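Report on the structure given below.
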Amino acid sequence: MTRTRIFPINKINFHDTLKEAAAIIDDGGLVAFPTETVYGLGANALDTKAVRGIFEAKGRPADNPLIVHICSKQQCCELARNIPEKAFKLMEKFWPGPLTLILERQEIVPDVTTGGLDTVALRMPDNEIALGIIRVSGKPLAAPSANLSGKPSPTTAQHVISDLCGRIDAVIDGGTAEIGLESTVIDMTLQVPAILRPGRISREDIEKEIGSITTGYLDGGHPDSAAVRSPGMKYTHYAPDATVILIEGASVNVARRIQEMLKTYESAGLKVGLLLTDESNMTIHQDDQLSLGSKDKPAELAFNLFSGLRSLDARGVDIILVDGSFSRHGIGEAVSNRIRKAARSIIKV
Ligand code: AMP
Ligand code: MG
């Protein structure tokens, strides 16, 4: 059992807190910190023992590689080689920001960080705390989401504490992560780059910069060719303790089906939680229901999704019914991807 220190960070203690965090990283320790996507669990990406600690603390399978967080293009060139022109264009446009590039790795990156692959995943986060820890420590940070493996990603320090207290050295509490979903991951080592995980930066955003790309992920959560390229995709993800059932279709039909299912499950003695859109939230009324936001504003749904799953779990529900009638536009595709992976079953109405 490790004593986990909690550092609330603010304008006054900002630099002192970064120094404390950097000192823990220098010592081979584990520090959770906010990024603009979700909270990350960071360790020196070049220190094999420290990175092993991340896998242990999260219970993460060893073949699921980590994203390395950097604060400069120079660091990028120290960690990756044969970087294609298109990758530089994407860095120029989207870094710092929620886009992870898969590139050929340099020898200096240890196997434990890349899950034994000859590629490395790199991202420059758009968050002053994350960038500050990387800059002050002078180390690239391997940092997966700071949750127990398989659970919904953490968007607050409280989520990190509830999963990892006693397992990591420190948590920097910098408030709620502003996007709420993990970065877009794109494999730049292929002739035609492929998105391996959708995020806020969409296929269209990327194609505007570098022309045609492909998507290499399946939405059902089952292994496919992308899972082979991106090992993390074959594992259970984002799943709360309750069983998640996703209902997809037009808004009115989804609301009607949720009401029918609610009656059936409740009469069987089950405690049911509902994750709704503002639209269905107007027509359904029971105790354990939350709205994630308007069905036409997927950024709101992204922001609230993981905390919604966690807070229904905390209420001890057996089943979570999710309203899947929202727009797949922009980040909506990533929201759909995460809920589909969390879901035990998907019903189309
Ligand atoms: P997480 O750190 O939990 O946000 O997950 C990182 C995701 O990036 C996982 O799905 C990994 O499998 C994927 N990933 C990391 N490094 C690589 C790599 N070198 N090649 C392909 N996918 C990667
Ligand atoms: Mg994760």
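The values are calculated or read from the model by the stated rules, or taken from the named source; none is laboratory data. Just so it is clear, the structure is predicted and the values come from calculations on it, not from any experiment. With ideal geometry, Cβ positions are generated from the backbone for all residues, glycine too; neighbour counts draw on all protein chains shown. In case anyone asks, the SASA skips ligands and DNA or RNA and just uses the protein heavy atoms, side chains included. Shrake-Rupley method; radii C 1.70, N 1.55, O 1.52, S 1.80 Å.
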### Query
Does the range 111-131 hold any residues that are near ligand 1 (Cβ under 10 Å from one of its atoms) and open to solvent by 10 Å² or more (accessible area, probe 1.4 Å), and which are they?
Gly115, Gly116, Leu117, Asp118, Thr119, Ala121
### Task
Sort through Glu20, Glu78, Glu36 and tell me the only one that's in a helix (DSSP H, G or I) and out of contact with any strand residue (DSSP E or B) (no Cβ under 9 Å at 6 or more places or on another chain).
Glu78
### Task
Exactly one condition in (1) of a type outside the set (Phe, Trp, Tyr); (2) modelled with pLDDT under 95; (3) more than 30 Å from Ile213 (Cα to Cα) is not met by Ala62; state its number.
(3)
### Message
Given (1) open to solvent by 40 Å² or more (accessible area, probe 1.4 Å); (2) more than 15 Å from ligand 1 (Cβ to nearest atom); (3) in contact (Cβ under 8 Å) with a residue 60 or more places away in the chain, identify the lone condition not met by Arg200.
### Response
(2)
### Task
Would you please name the residue that is least open to solvent (accessible area, probe 1.4 Å), looking only at residues in the range 268-299 that are farther than 17 Å from Gly324 by Cα and either under 25 Å from the mean Cα position of the chain (by Cα) or free of Cβ contacts under 8 Å to residues at least 40 places away in the same chain (or both)?
Asp288
### Message
Conditions first: (1) at pLDDT below 95; (2) farther than 26 Å from Gly115 by Cα; (3) of a type outside the set (Gly, Ala, Ser). Val254 passes all but one, so which condition is the exception?
### Response
(1)
### Query
Out of Thr215, Thr189, which single residue is of a type in the set (S, T, N, Q), more than 16 Å from the chain's Cα centre (by Cα) and within 10 Å of ligand 1 (Cβ to nearest atom)?
Thr189
## Note on the structure
Taking the range 132-162 and keeping only residues that are away from ligand 2 (no atom under 11 Å from the Cβ) and either assigned to a loop (DSSP other than H, G, I, E, B) or closer than 26 Å to Gly293 by Cβ (or both), one is left with Gly138, Lys139, Pro140, Thr155, Thr156, Ala157, Gln158, His159, Val160, Ile161, Ser162
### Message
Contact list please: Cβ distance under 6 Å, first residue in the range 62-73 and closer than 12 Å to Val112 by Cα, second residue among the aromatic types (Phe, Trp, Tyr) and surrounded by 14 or more Cβ atoms within 10 Å (Cβ to Cβ), pairs at least six apart or on different chains.
### Response
Ala62/Phe55
### Task
Could you run through the range 88-126 and say how many residues are at positive phi and within 16 Å of ligand 2 (Cβ to nearest atom)?
1
### Query
Which of the residues spanning the range 300-339 are hydroxyl-bearing (Ser, Thr, Tyr) and free of Cβ contacts under 8 Å to residues at least 40 places away in the same chain?
Ser311, Ser327
### Query
Would it be correct to say that Ala314 is open to solvent by 40 Å² or more (accessible area, probe 1.4 Å), within 27 Å of Asp205 (Cα to Cα) and over 19 Å from the mean Cα position of the chain (by Cα)?
no
### Query
Of all the residues that make up the range 326-349, how many are in a loop (DSSP other than H, G, I, E, B) and touching a strand residue (DSSP E or B) at 6+ places or on another chain (Cβ under 7 Å)?
3
### Query
Quick check: is even one residue across the range 16-30 within 16 Å of ligand 1 (Cβ to nearest atom) and at pLDDT 95 or above?
yes
#### Entry: Matching residues, the range 51-63, being in contact with a helix residue (DSSP H, G or I) (Cβ under 8 Å, 6 or more places away or on another chain) and closer than 24 Å to Pro96 by Cβ
Val51
### Task
Give the range 163-186 a look and list any residue that's part of a strand (DSSP E or B), within 16 Å of ligand 1 (Cβ to nearest atom) and open to solvent by less than 10 Å² (accessible area, probe 1.4 Å), or say none.
Thr184, Ile186
